[in-house]
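The values are calculated or read from the model by the stated rules, or taken from the named source; none is laboratory data. Predicted model, so just to flag it, every value in this text is computed and none were measured. Note that we place each Cβ from the backbone using ideal geometry, even for glycine, and neighbour counts take in every protein chain shown. The protein model used for the area step is the full one, side chains on, heavy atoms only, and it has no ligands, DNA or RNA in it. Shrake-Rupley method; radii C 1.70, N 1.55, O 1.52, S 1.80 Å.
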Amino acid sequence: MSFNPNASLDPSQVEDVRGRSYGGGRGLAIGGGSIGLVLTLLYVLLGGNLSDVTGGGQPVDYGPNASAPNLAEVCKTGADANSREDCRILGYVNSVQAFWKDEFARSNAQYQMAKTTLFSGQVDTGCGTASTQVGPFYCPTDQHVYLDLGFFEQLRTQFGAKGGPFAEAYIVAHEYGHHIQDLQGTLQGGTSQEGASGRSVRTELQADCYAGVWANHAAQTGFLNPLTSDDIANALDAAAAVGDDRIQQEFQGRVTPESWTHGSSAQRQHWFSAGYQGGSPADCDTFNGAI
């Protein structure tokens, strides 16, 4: 996967607060390593309050030496996205939102932009104070996607994904899938019903499908060059890595479908593929019929 080197990036769609941390408050220790990440991630994407699992507190700026670079200065073109990870994430955000803006316009609707916030350590959000343990998430209260770039390393080392740039693209596009659901009113029904065919799983699988729909049109947005079979393979591999059955088998030694919240590896791969092959949001109705 590569970006069109001449594409112009829009840094206003990404807020970079890396280099800041949040002190004070009473945090909850959630185990260690990937177990803490998995439990917290599943809790938050079910609609839990982030302040329940992370401490509150006021921001502490550790000074200019710890601050992230100004994305507006270092992320200007697709060539920058080809050479820097943070610029690459910005490029994905630009591409995803360009697609959905056009898709909404085709339906005579207006798309509302959602910023992505890059953070490290902890970050204050409309859904509470979140730590890096939460993993990537979308907060409907402030309509922001939150992402610690360190998650992509965890995806490889702790979840067993092969990684690669388009695995990152899948994660970003999935979170924006939740933003689309928010704009459509889908999230108003809640996501707390667990189980292999529960509302939570159906919500997550639809976000996977929406990620696939964007992938189908990614090159048409002008930001990315045409995708390769390896790109799609990396996205499918990442989808499998975060399947409920795979995570449960790895971390608790058994699979319990009655507690699923995101869907099995096979389901996540299927719905990403359905979106990618069909290329239409109409192919993503996970709320009616079998999944």
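Considering only the range 198-233, how many residues are under 25 Å from ASN6 (Cα atoms) and assigned to a helix (DSSP H, G or I)?
Selection size over the range 198-233: 15.
Would you mind stating whether THR221 is under 16 Å from the mean Cα position of the chain (by Cα) and hydroxyl-bearing (Ser, Thr, Tyr)?
No; evaluated as a whole, the condition is false for this residue.
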(request) Please name all residue pairs, on different chains or six or more residues apart, with Cβ atoms under 7 Å, provided the first residue is in the range 184-196 and is among the aliphatic types (A, V, I, L, M) and modelled with pLDDT of 90 or more and the second residue is open to solvent by 30 Å² or more (accessible area, probe 1.4 Å) and in a loop (DSSP other than H, G, I, E, B). (result) LEU187/PRO140
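Yes/no matrix, rows are residues, columns are (1) modelled with pLDDT of 95 or more; (2) open to solvent by 10 Å² or more (accessible area, probe 1.4 Å):
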| residue | (1), (2) |
| --- | --- |
| VAL201 | yes, no |
| ASP208 | yes, no |
| GLY212 | yes, no |
| LEU224 | yes, no |
| LEU227 | yes, yes |
| ASP237 | yes, yes |
| ASP245 | yes, yes |
| GLU250 | no, yes |
(message) I want to confirm something. Restricting to the range 252-291 and keeping residues that are outside any helix (DSSP H, G or I) and among the hydroxyl-bearing types (Ser, Thr, Tyr), which single residue is modelled with the lowest pLDDT?
(response) THR261
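Mind telling me which of the residues SER264, SER273 ends up being buried (at least 21 other Cβ atoms within 10 Å of the Cβ) and not hydrophobic (A, V, I, L, M, F, W, C)? Reasoning before the result, please.
Values: SER273 fails: buried (at least 21 other Cβ atoms within 10 Å of the Cβ).
Being buried (at least 21 other Cβ atoms within 10 Å of the Cβ) and not hydrophobic (A, V, I, L, M, F, W, C) holds for just one of SER264, SER273, which is SER264.
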(request) From (1) within 27 Å of GLN154 (Cβ to Cβ); (2) modelled with pLDDT of 95 or more; (3) surrounded by 16 or more Cβ atoms within 10 Å (Cβ to Cβ); (4) under 19 Å from the mean Cα position of the chain (by Cα), pick out the condition that doesn't hold for ALA233. (result) (3)
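What is the residue count in the range 104-121 for residues that are touching a helix residue (DSSP H, G or I) at 6+ places or on another chain (Cβ under 7 Å) and open to solvent by 10 Å² or more (accessible area, probe 1.4 Å)?
Keep residues of the range 104-121 that are touching a helix residue (DSSP H, G or I) at 6+ places or on another chain (Cβ under 7 Å), which gives 110-116, 118, 120-121.
Still in the list and also open to solvent by 10 Å² or more (accessible area, probe 1.4 Å): 110-113, 115, 120-121.
Here the count works out to 7.
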(request) Take the range 276-291 and flag every residue that is open to solvent by 20 Å² or more (accessible area, probe 1.4 Å) and hydrophobic (A, V, I, L, M, F, W, C). (result) ALA282, PHE287, ALA290, ILE291
(message) Only one of ALA241, ALA235 is in contact (Cβ under 8 Å) with a residue 60 or more places away in the chain and under 23 Å from PHE99 (Cβ atoms). Can you tell me which?
(response) ALA235
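Report yes if THR125 is touching a strand residue (DSSP E or B) at 6+ places or on another chain (Cβ under 8 Å), β-branched (Val, Ile, Thr), touching a residue at least 24 places away in the same chain (Cβ under 8 Å) and open to solvent by 10 Å² or more (accessible area, probe 1.4 Å), otherwise no. Break it down into steps so the answer makes sense when it comes.
Details: touching a strand residue (DSSP E or B) at 6+ places or on another chain (Cβ under 8 Å): yes; β-branched (Val, Ile, Thr): yes; touching a residue at least 24 places away in the same chain (Cβ under 8 Å): yes; open to solvent by 10 Å² or more (accessible area, probe 1.4 Å): yes.
Taking the combined requirement at face value, the residue satisfies it.
So is TYR176 under 20 Å from ARG202 (Cα atoms), of a type in the set (Phe, Trp, Tyr) and part of a helix (DSSP H, G or I) or not? If you could, list the steps in order and put the result at the bottom.
Details: under 20 Å from ARG202 (Cα atoms): yes; of a type in the set (Phe, Trp, Tyr): yes; part of a helix (DSSP H, G or I): yes.
For TYR176, the condition - under 20 Å from ARG202 (Cα atoms), of a type in the set (Phe, Trp, Tyr) and part of a helix (DSSP H, G or I) - is met.
From the list GLN188, GLN193, pick out the single residue that is assigned to a helix (DSSP H, G or I) and open to solvent by 20 Å² or more (accessible area, probe 1.4 Å).
Working: GLN193 fails: assigned to a helix (DSSP H, G or I).
Unique residue meeting the criteria: GLN188.
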